[in-house]
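J.: Sharing a structure, written as C-alpha cells. Questions coming.
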Amino acid sequence: MSPAVVPPVGARIRQARLERGTSLRALAREVGVSASLVSQIETGKSQPSVSTLYAITTALGISVESLFDVRESAGPPQHGATPQAAAPGTVLPALAALAAFAADPGRRIGPLVGAAERETLELDSGVVWERLGRVPGADVDFLLVTYRPGGSSSGSGGLMRHTGTEYGYLTSGELILTLGFDEYTVRPGDAVSFESTTPHRYRNDGEVPAVGVWFVSGDVQ
C-alpha cells in the first residue's frame, strides 16, 4: 500500500498567514521560533516538528487537518490510483503521519479492529500511534500510544498546544506530563484530561515503554 501523499504544507501555512494579514516575523514571535525557520517552512526547505506545527496552526486559527486535506491539494489522482492511508506497520516521519491520519476524515475504521489490523505510525520523536477505530462524522482520534524510553511528544523538547481536548489513560510504564507551569508523573491506572490549548508535553524518562489509550477530540466550542 503506497504512503499518503503529503500536500504542500508550507504553501498552505503561508496562504493562511497572508489571509490573516500576519507578518512572517509576527507569526514567528507568537510561535516562539525564528523568522528564518518560518520562512524555510513556508518555502518547503524545512519541515516543522509536530509541536511547531500545532503552534503555527493555533496562532493562525486553523486546524492541522486543513493543512493535510489531500482532496484539495494533491490534484486529480492518476488513472487507477486512490489516496491510501498508512498500512499496518508503516513507519513515517511526523508530517507524513499526520497527513495519513487526516487524509480521509470520512473513512470508517471498525467496528472491530484486530490487533494485527491497526494502522501504526511511528514518529521520529520515539512515539508510536496505533489507530483503534474511527467513526465518520465524529471528530475524535482513538489511539493506542506508546512512548519508547526517551520518547517525547515533542522532538524539539518544547511544549505543544492545539485546539481540542484530550483524554488519556496509562496502562503501563510511566510518563512525565508537563501541563502549563505544572508537571505530573503519570503511572499505570492514572488518567489525564485537559484542553489541548494548554501548552503541554509528554516524555518517558524511564527504561521501559509507556503505553496508554488516548482520545483526542476536535475543536472546543
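J.: Please give the net charge around GLY212, taking every other residue with its beta carbon less than 12 angstrom from that of GLY212, where Lys and Arg add +1 and Asp and Glu add -1.
T.: Overall, the nearby charge balance is -3.
J.: Then there is this: Please list 3J(HN,Hα) in residue order for region 19-33, calculated via the Karplus relation 6.51 cos²θ - 1.76 cosθ + 1.60 where θ = phi - 60°; whole Hz, with x for glycine and proline.
T.: 4, 9, x, 9, 6, 4, 5, 5, 5, 4, 5, 5, 7, x, 10
J.: How far apart, in nanometres, would the label points at ARG20 and ALA115 be if each is projected 7 angstrom from Cα along the Cα-to-Cβ direction?
T.: Each label point is offset 7 Å from its Cα along the Cβ direction, giving 4.4 nm.
Laboratory data are not the source of any read-out in this text; all were calculated from the coordinates shown. Quantities reported herein were computed from a predicted structural model and do not represent experimental measurements. Cβ coordinates were reconstructed from backbone atoms using ideal geometry, including for glycine residues, and neighbour counts include every protein chain displayed.
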